């Protein structure tokens, strides 16, 4: 390499950095973008060709059975595990540069914090390492948000697992993140704590913060996530919005005194099955929020007596189990 | 700039851990006990020599040997202490998961490791310098003996501690916390014994046995640095009392000061072992 070429290269590099920095601030740049991630531990293939994207302000749920590679994918995004292949961009910057993690908060699945520090000291330490200015009051507010305001000065050694996980959440949130990665954030929490986490995640979404949520609690994912990626044996088995994954919704109605007009109104909504006085009507996937109240109002106006209206839909759990079983069947056929 | 902040933050955290986990307190108590015991011992020595049982030369020689012996005790405490601290603080944190959330911050792993190392160096060196200085004053007050080069000796003791803890840091990036402490301390003791064996070989004029010490001092410079420290603590009159080769054969006396070449080798050795530790830590999957 010639000496004269060096300044130009440095200049290019600086320009590239500046461009990536400018792009990083743009809301169109995804919070997480990764492609072709691969990881092998010895003979065990943990992750194979995983690509995913989390948009700004989007909540992405990562689902899959134990050993599907969810935590490995998360650790590769954060540079904690080195991928054998693939590329990762965090907030528009290559993840190989630690600076890309400046606005990333992380709650690990294995959450442990220095038992000889107090919660407020742990937050101060993380703020210092993140290089972002956060006032002492903001740090205290963050502890209050996760319900630890009264224990701010106590040593962590005496904390329960649930309280440590709450602190982990505060650590993930303290340095003004634009992306929060939560790996099993409610594994040690009671139902009240789970509800708190759900509220916090939804609040983050409101503020435009992207969240990558890995959870075994499918109901939790179903309630808060915009999109879901299902991993199975290290590969993406399915991905999409909840509506895309779950297909159309159903409505179960208990009706008596059904006139022919009312029956026609029912059929106009979609395909309907009858079982005694119970009717199951398929709602279109893109149904508007008013479809159900409109139908009920019309039926009542047409003289039908409405005893019960139940939303019925394939749960995410059923869909997940279906996808995993299909995968297992396909592998069994392939083996034969 | 940010790297410097990371290094200093982690170094301060390591020192705070040592203090909060009562390591500082334990060392302080141990040191006070050792100082009190040695103070009593030295005052007995003063009484004996005052009663003209010993000549002033013999008294200085005895003071030199006993001072070296007590200093060996301190260097052992510093070596053991830092070697057993290095394991938990590096591999213990990666094993328990404490390191996960820290290393997910925008920091380089090498800066994190440098901070840990710097904290341990400050801790180990700080201990050996303070305890050693207190010991030198105790000797001064009790038997009126002042070593010829106390600053050099204390600096070399700090360097010895640094060399061993750097090895412990390297080991802790590769093996479990407990194993790293055991192996580091084991190697430290082995090198010391090899040094003594080599000294006996030189004293007896057996070159092959003499080489054992030389080779071990190259592989792990703790014993070499310890020999240099002893030389700075002992009275020059020991050579008049013993012959040069007899000094070699005695484990708590040193026949020659360290050469600049050996000191440079010790510095290169520490840099090399730290580099290996950083390379191993940076490649690790957490």
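The values are calculated or read from the model by the stated rules, or taken from the named source; none is laboratory data. What you see is a predicted model, and the numbers here were worked out from it, not measured in a lab. Here the Cβ positions follow ideal geometry from the backbone for every residue, glycine too, while neighbour counts run over all protein chains shown.
Can you tell me which residues in the range A:70-91 are more than 19 Å from the chain's Cα centre (by Cα) and farther than 13 Å from residue B:100 by Cα? Answer for the range A:70-91, where residues must be more than 19 Å from the chain's Cα centre (by Cα) and farther than 13 Å from residue B:100 by Cα: A:82, A:83, A:84, A:85, A:86, A:87. Only residues that are crowded, with 18+ Cβ neighbours inside 10 Å, touching a residue at least 12 places away in the same chain (Cβ under 8 Å) and at the interface with chain B (Cβ under 7 Å from one of its Cβ atoms) were counted in the range A:119-139, giving 2. Among the residues of the range A:306-321, the ones that are loosely packed, with under 13 Cβ neighbours inside 10 Å and at pLDDT 80 or above come to 3 in all. In the set A:88, A:127, A:122, A:171, only one residue is within 24 Å of residue A:50 (Cβ to Cβ) and at pLDDT 95 or above; that residue is A:88.
For every residue, the table says whether it meets (1) assigned to a helix (DSSP H, G or I); (2) under 20 Å from residue A:156 (Cβ atoms); (3) modelled with pLDDT under 95.
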position	(1), (2), (3)
B:83	yes, no, yes
B:86	yes, no, yes
B:89	yes, yes, yes
B:92	yes, yes, yes
B:95	yes, yes, yes
B:99	yes, yes, yes
B:114	yes, no, no
B:118	yes, no, no
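Has the range B:101-109 got at least one residue that is out of contact with any strand residue (DSSP E or B) (no Cβ under 8 Å at 6 or more places or on another chain), in a helix (DSSP H, G or I), within 14 Å of chain A (Cβ to nearest Cβ) and closer than 30 Å to residue B:154 by Cβ? Within the range B:101-109 (the criterion being out of contact with any strand residue (DSSP E or B) (no Cβ under 8 Å at 6 or more places or on another chain), in a helix (DSSP H, G or I), within 14 Å of chain A (Cβ to nearest Cβ) and closer than 30 Å to residue B:154 by Cβ), the answer is no, since none of the residues qualifies. Screening the candidates B:187, B:233, B:219, B:167 for the property of being touching a helix residue (DSSP H, G or I) at 6+ places or on another chain (Cβ under 9 Å) and modelled with pLDDT of 90 or more yields one hit, B:167. Taken over the range A:44-62, the criterion of being on the phi < 0 side of the Ramachandran plot and assigned to a loop (DSSP other than H, G, I, E, B) is satisfied by A:55, A:56, A:58.
Take the conditions surrounded by fewer than 19 Cβ atoms within 10 Å (Cβ to Cβ) and either modelled with pLDDT of 85 or more or assigned to a loop (DSSP other than H, G, I, E, B) (or both) and apply them to residue B:138. Does it pass? When the stated conditions are applied, residue B:138 does not pass them.
What do you reckon, is residue B:9 over 20 Å from the mean Cα position of the chain (by Cα), within 14 Å of chain A (Cβ to nearest Cβ) and surrounded by 18 or more Cβ atoms within 10 Å (Cβ to Cβ)? Answer is yes for this residue. The residues in the range A:103-118 that are within 8 Å of chain B (Cβ to nearest Cβ) and in contact (Cβ under 8 Å) with a residue 24 or more places away in the chain can be counted, and the count is 10.
Of all the residues in the range B:65-89, those that are buried (at least 21 other Cβ atoms within 10 Å of the Cβ) and more than 14 Å from chain A (Cβ to nearest Cβ) number 13.
One line per residue, one yes/no per condition, for (1) outside any helix (DSSP H, G or I); (2) at pLDDT 85 or above; (3) not assigned by TED's automatic domain parsing to the domain that holds residue A:73:
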{"residue": "A:230", "(1), (2), (3)": "yes, yes, no"}
{"residue": "A:236", "(1), (2), (3)": "yes, yes, no"}
{"residue": "A:240", "(1), (2), (3)": "yes, yes, no"}
{"residue": "A:261", "(1), (2), (3)": "no, yes, yes"}
{"residue": "A:273", "(1), (2), (3)": "yes, no, yes"}
{"residue": "A:279", "(1), (2), (3)": "yes, yes, yes"}
{"residue": "A:289", "(1), (2), (3)": "yes, no, yes"}
{"residue": "A:295", "(1), (2), (3)": "no, yes, yes"}
{"residue": "A:300", "(1), (2), (3)": "no, yes, yes"}
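Picking from residues in the range A:63-81 that are outside any helix (DSSP H, G or I) and out of contact with any helix residue (DSSP H, G or I) (no Cβ under 8 Å at 6 or more places or on another chain), the one that is nearest to the other protein chains (Cβ to nearest Cβ) is A:69.
Only one entry in A:169, A:117, A:110 is assigned by TED's automatic domain parsing to the domain that holds residue A:72 and part of a helix (DSSP H, G or I), namely A:169.
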